[in-house]
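The values are calculated or read from the model by the stated rules, or taken from the named source; none is laboratory data. Everything quoted here is computed from the prediction, not taken from an experiment. A quick note on method: Cβ atoms are made from the backbone with ideal geometry, for glycine too, and the neighbour counts reach across all protein chains shown.
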Amino acid sequence: MGLRVAFRGKDGEPSLYRRAWKETDNPLVAEARAQTLAIQKLQLWLRLAYSALALAVLLGYWGFQEGGGLVAGIAGVVIGVLALVCVLVLRTGINNGRKNVNAMLESLQPNKEPHASVSGE
């Protein structure tokens, strides 16, 4: 799985968050940046799924309670169920992605010596 660059900076170099990527960067850092960008894209889709869920609730309410018709109510329920499944899948992916990025960045930090236990004396 290769690293793909989403956009280029002013100088034509691949960039993310307005910082030029350097060839000397650790590949793990570059992968963490790429995964962070992917997580941000998933968050956009999550907001869209939440919006679809809200619209489905309104459509279902209008269809069943306000005389919009049985078809509108059923469509609202179906869209709501699909949007809820999308929300659950996206939330799981975002949470797992964040854990993965955090684990990658923590693995780059130098190991710290364990603290000596303090006796109760």
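Points to keep in mind about this one:
- So residue 67, is it of a type outside the set (Val, Ile, Thr), over 30 Å from residue 109 (Cβ atoms), in contact with a helix residue (DSSP H, G or I) (Cβ under 8 Å, 6 or more places away or on another chain) and at pLDDT 85 or above: no
- Pairs with Cβ under 7 Å, 6+ apart, first in segment 82-107 and under 17 Å from residue 44 (Cβ atoms) and without any contact (Cβ under 8 Å) to a residue 60 or more places away in the chain, second assigned to a helix (DSSP H, G or I) and of a type in the set (Phe, Trp, Tyr): 87/50; 90/45
- Residues satisfying the stated conditions in segment 44-99, i.e. surrounded by 15 or more Cβ atoms within 10 Å (Cβ to Cβ) and assigned to a loop (DSSP other than H, G, I, E, B): 68
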